[in-house]
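The values are calculated or read from the model by the stated rules, or taken from the named source; none is laboratory data. Keep in mind the model is a prediction, meaning the values are calculated, not measured. Here the Cβ positions follow ideal geometry from the backbone for every residue, glycine too, while neighbour counts run over all protein chains shown. Keep in mind that these areas ignore ligands, DNA and RNA; they rest on the heavy atoms of the full protein, side chains included. Shrake-Rupley method; radii C 1.70, N 1.55, O 1.52, S 1.80 Å.
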Amino acid sequence: MFDAAPHAPDTPLMQDPAFAAALRLLGQTPVTLPGGLTVLSRRIAGVPVLMLPRAAPPADLGAQLAEAGLHRRPLILSPEHADIRPRALRIAPAQTLLRVDLTPPRNIRRAALHQKWRNQLRNAERSALRVIRRPLCPDHPLLAQEAAQACARRYRNWPRALTAAFARVAPEQTHLFTALLRGHPVAHMLFLTHGGRASYHIGHTLPEGKRTQAHNLLLWQAMCLLADSGHHSLDLGPDAPNAPGLTRFKTRAGARPQLTGGTWLRWRPLAPADNP
């Protein structure tokens, strides 16, 4: 349904048309501004608030909001890059995202892996593991497994229904990598593509998957396939200070930190409507 090829507009995941379509499938009403950006509507403490996620506010944002009849509503901005500073009230500091550059040749990327990570990958490649890749089925067991895992570990991700809706509206943008051990799945990693970029979304592993370093193998094969398909970067999510082992896994795989622009509140009493 949507253009998932690398030559498509290079948009953040939450600005991809498939994300808005998934929300609409769930009965929500995101608004597409005249310039093409997607604005979400939420209630915070009962107050209706707009959200412009992972996007650089255009110079004529006020005019675009006015044309859509939204200029009087509070708007929360979360620019993707640190050099963007909207004329608004800052309400949260920048996040650190971890991103892998997929443009170097495969041998260069492999040589750049941390030695321990590369040894774990080599062990996984020599094991009985086999990797398959498929689009995500909306009722795949991974969704229930990850939801239970998020509850147990107390972290937040997309609602299970939203991931399933994304898979329904844009199956070609979902890439589920599964590690099989003697025919049985022991680990999964799901990636979503958006233009020339890709994002790690969710994953799960069983004890056999941990023992055989299945996630090393899944992530490496995913990076290779995405690079071969023309995607230039892979977002592995935010730095996790409370989960240093997870952050170490990502950085040893080649991810480098990138600061976002923080979170800002733009509201007419705080900023003129014709300013971003």
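For the stretch 1-117, report the accessible area per residue in Å² (1.4 Å probe, heavy atoms, rounded to an integer).
I get 53 Å² per residue for this part.
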With a 10 Å cut-off between alpha carbons and a GNM built on the chain, which of 145, 15, 258 moves the most?
145
Relative contact order of the chain (C-alpha contacts under 8 Å, at least 6 apart) in percent is 33 percent
For the stretch 183-265, give the percent of accessible area contributed by carbon and sulfur heavy atoms, probe 1.4 Å, rounded to a whole number.
57 percent
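Suppose R0 equals 45 Å; then what is the FRET efficiency for residue 243 and residue 29 from their Cβ-Cβ distance, rounded to the nearest 0.05?
0.85
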With a ≥ b ≥ c from the Cα gyration tensor eigenvalues, square-rooted, and the rule rounded for a/c under 1.5, otherwise prolate when a/b > b/c and oblate otherwise, the stretch 1-156 is prolate
In nm, what is the difference between 0.36 nm times the number of residues separating residue 108 and residue 125 and their Cα-Cα distance?
4.3 nm
What part of the accessible area of the stretch 62-180, given as a whole %, is carbon or sulfur when the probe is 1.4 angstrom?
51 percent
What is the Cα centroid distance between the stretch 238-265 and the stretch 61-138, reported in whole angstrom?
9 Å
Answer rounded, prolate or oblate for the stretch 14-57, using the Cα gyration tensor with square roots of eigenvalues a ≥ b ≥ c: rounded when a/c is under 1.5, else prolate when a/b is larger than b/c, else oblate.
oblate
Gained length - residue 10 relative to residue 148, 0.36 nm times residue gap less alpha-carbon distance
46.4 nm
Using a probe of 1.4 angstrom, how much of the accessible area of the stretch 6-56 is carbon and sulfur, in percent?
62 percent
Per-pair calculated FRET efficiency, R0 = 25 Å: residue 41 and residue 155 via Cβ, rounded to 0.05
0.50
Counting only heavy atoms of protein chains, what accessible area per residue, in Å², does the stretch 143-256 have with a probe of 1.4 Å?
43 Å²
Between residue 59 and residue 92, what's the calculated FRET efficiency when r is the beta-carbon distance and R0 is 25 Å? Round to 0.05.
0.60
By the gyration tensor of its Cα atoms, with a ≥ b ≥ c the square roots of the eigenvalues, what is the shape of the stretch 115-242: rounded for a/c under 1.5, prolate for a/b over b/c, or oblate?
rounded
